[in-house]
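Right, one structure below, let's go through it.
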Amino acid sequence: MRLSHYFLPTLKENPKEAQIASHLYMLRAGMIRQSSAGIYSWLPLGFKVLKKIEQIVREEMDRAGCQELLMPTIQPAELWQESDRYDDYGKEMLRITDRHDRNMLFGPTNEEMITDIVRGSIRSYKDLPKNLYHQQWKFRDEVRPRFGIMRGREFLMKDAYSFDIDAEGAKRSYNKMFVAYLRTFARMGLKAIPMAADTGPIGGDLSHEFMVLAETGESEVFCHKDILEFDIPDESTDYQADLQPLVDKWTELYAVTDEKADQAEHAKLGDDLVTARGIEVGHIFYFGDKYSKAMGATVVGPEGKDILIEMGSYGIGVSRLVGAIIEASHDDDGIIWPEAVAPFKVGIINLRAGDDACDAACEDAYAKLQDAGVEVLYDDRDERGGAKFANMDLIGLPWQMVIGPRGLKDGKIEIKNRASGEKAELSIEDALSKLIG
Ligand code: 5CA
């Protein structure tokens, strides 16, 4: 992509409404534009990151045996009356009336709808287990939307729902999601710690929140310091195997959100206790037959009798993750994207657009990187070098390739790693093979 053609409305000034780095940089880097409180448009740069995150989530869900579908954003009120959550959800639910005066709502979550789909299509215990997920926009009329997309009113969530014939099966499904979450967040360069949590309006009695430690996090969290050093299960993890020992390892040390804090435990842990703030990027729930009972979701069991389906639900804040990654990875100059979610891998800076030698070298590098499948943003604008450097640092691409007349005389260009700040003068060929390799 040529920057001269790209829609990248960056801001020089710090917008007043931004209180935390991720909100500030997302606005300044032209990633999002507010439409109304807690509701944002995703501009091309932000949208690209969102799609990368969505794709990582998809790959890890699929790897764990889940199947993707897509449910609508608008739901009928009747489903929520069946589960008794229509009134309970209160003002946080956006209620809509259609032209026939039917009560509808913009979904804040999908337990009812997925239960309805499954009860209408699955009859026998032989068709279970199943785990179905989608990545769809949700609406929650939050009292205090803040920090940009971090606590939005409209936000993108991945929500998965598991269906099993008994509690043991449901626990296996829960464990798969637990492990898949560890992998998902690690692939984005995040350390997200599973912590015992309250279940709130979703219900049930077993739940973990996945928290990224950050000073700007909204919740206070506590954990044993050793958890921060645990290894992440690798790609070869067998989701058909017994994952209980792995989950036990992660859950036997103390790690809780503030509602579950235990002062006696804190005293006992002493120096081993980490007290921090955290951003909730995921939340998993086991709630048994709460919805299947209320909505009559049963299957015929092995003995020919109807049994209630055991369920869990598993959320990831896909749009929130964009903010969480920036909170975890930035400096005073801007964002530092981990390569896995970077909107482009390389930014080429032409230090003298219009100069024949510079233009030719840039065009050549741009073409070769693209041919090799590397995503490149080429700053071909007629602008001062200083402004181009500042802009490239702000948008945080992992690698910068700086091409100017002075270096070119000796056949050299500079590459800079955004994260380490390390620079190297290389021949164009060496630079390309480093970035392509
Ligand atoms: N049905 C369950 C799981 S599928 C559920 O709704 N869980 S949740 O309420 O915990 O939301 C799942 C995730 O969505 C949260 O962990 C959080 O990362 C994200 N999320 C929740 N509310 C917001 C919000 N207002 N803005 C951005 N992300 C949010």
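The values are calculated or read from the model by the stated rules, or taken from the named source; none is laboratory data. Keep in mind it's a predicted model, so treat the numbers as computed, not measured. FYI the Cβ positions are ideal-geometry reconstructions off the backbone, even for glycines, and counts take in every protein chain you see. Accessible surface is based on the protein model in full, side chains and every heavy atom, while ligands, DNA and RNA are left aside. Shrake-Rupley method; radii C 1.70, N 1.55, O 1.52, S 1.80 Å.
Picking from residues in segment 132-149 that are open to solvent by less than 20 Å² (accessible area, probe 1.4 Å) and farther than 22 Å from G90 by Cβ, the one that is nearest to the ligand (Cβ to nearest atom) is I149. Restricting segment 150-178 to residues that are within 15 Å of the ligand (Cβ to nearest atom) and in a helix (DSSP H, G or I) leaves a set whose member that is most open to solvent (accessible area, probe 1.4 Å) is K176.
Here R63 fulfils each of the conditions (1) in contact with a strand residue (DSSP E or B) (Cβ under 6 Å, 6 or more places away or on another chain); (2) away from the ligand (no atom under 16 Å from the Cβ); (3) of a type outside the set (S, T, N, Q); (4) under 22 Å from H134 (Cα atoms) apart from (1).
Within segment 235-255, the set of residues being within 22 Å of the chain's Cα centre (by Cα) and either of a type outside the set (S, T, N, Q) or at pLDDT below 95 (or both) comprises E235, Y239, V247, W250, A255. Check segment 220-231 and report whether any residue there is in contact (Cβ under 8 Å) with a residue 60 or more places away in the chain, in contact with a helix residue (DSSP H, G or I) (Cβ under 9 Å, 6 or more places away or on another chain) and outside any strand (DSSP E or B). Checked against the condition, which is being in contact (Cβ under 8 Å) with a residue 60 or more places away in the chain, in contact with a helix residue (DSSP H, G or I) (Cβ under 9 Å, 6 or more places away or on another chain) and outside any strand (DSSP E or B), segment 220-231 yields no hits at all. Only residues that are out of contact with any helix residue (DSSP H, G or I) (no Cβ under 7 Å at 6 or more places or on another chain) and assigned to a loop (DSSP other than H, G, I, E, B) were counted in segment 236-257, giving 5.
Each row is one residue, and each column tells you yes or no for (1) buried (at least 18 other Cβ atoms within 10 Å of the Cβ); (2) closer than 30 Å to H330 by Cβ.
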site	(1), (2)
A180	yes, yes
A192	yes, yes
C223	yes, yes
V247	yes, no
A255	yes, yes
D258	no, yes
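Exactly one residue out of G200, G152 is without any contact (Cβ under 8 Å) to a residue 24 or more places away in the chain and among the small types (G, A, S), and it is G200. Can you pull out every residue in segment 258-283 that is touching a helix residue (DSSP H, G or I) at 6+ places or on another chain (Cβ under 7 Å) and within 15 Å of the ligand (Cβ to nearest atom)? Residues satisfying the conditions are I279, V281, G282.
Of the residues making up segment 197-219, those that are open to solvent by less than 30 Å² (accessible area, probe 1.4 Å) and either more than 15 Å from Y254 (Cβ to Cβ) or part of a strand (DSSP E or B) (or both) are T199, I202, G203, S207, H208, E209, F210, M211, V212, A214, G217, S219. Summed over segment 91-105, residues that are assigned to a strand (DSSP E or B), more than 13 Å from the ligand (Cβ to nearest atom) and open to solvent by less than 80 Å² (accessible area, probe 1.4 Å) total 4. The set of residues in segment 225-237 that are of a type in the set (S, T, Y) and surrounded by 17 or more Cβ atoms within 10 Å (Cβ to Cβ) contains only T237. Can I309 be described as crowded, with 22+ Cβ neighbours inside 10 Å and under 22 Å from the mean Cα position of the chain (by Cα)? So I309 fails the test.
No other residue among Y291, Y314, Y286 is over 24 Å from the mean Cα position of the chain (by Cα), within 16 Å of the ligand (Cβ to nearest atom) and modelled with pLDDT of 95 or more apart from Y291.
Pairs linking a residue in segment 256-273 that is in the same structural domain as M211 (by TED's automatic domain parsing) to a residue that is modelled with pLDDT under 95 and open to solvent by 40 Å² or more (accessible area, probe 1.4 Å), with Cβ atoms under 6 Å and 6 or more positions apart or on different chains, are E259/D198.
Taking first residues from segment 312-329 that are open to solvent by less than 10 Å² (accessible area, probe 1.4 Å) and partners that are near the ligand (Cβ under 8 Å from one of its atoms) and outside any strand (DSSP E or B), the Cβ contacts under 6 Å between residues at least 6 apart in sequence or on separate chains come to S313/E111; S319/I149; G323/I149; G323/M150.
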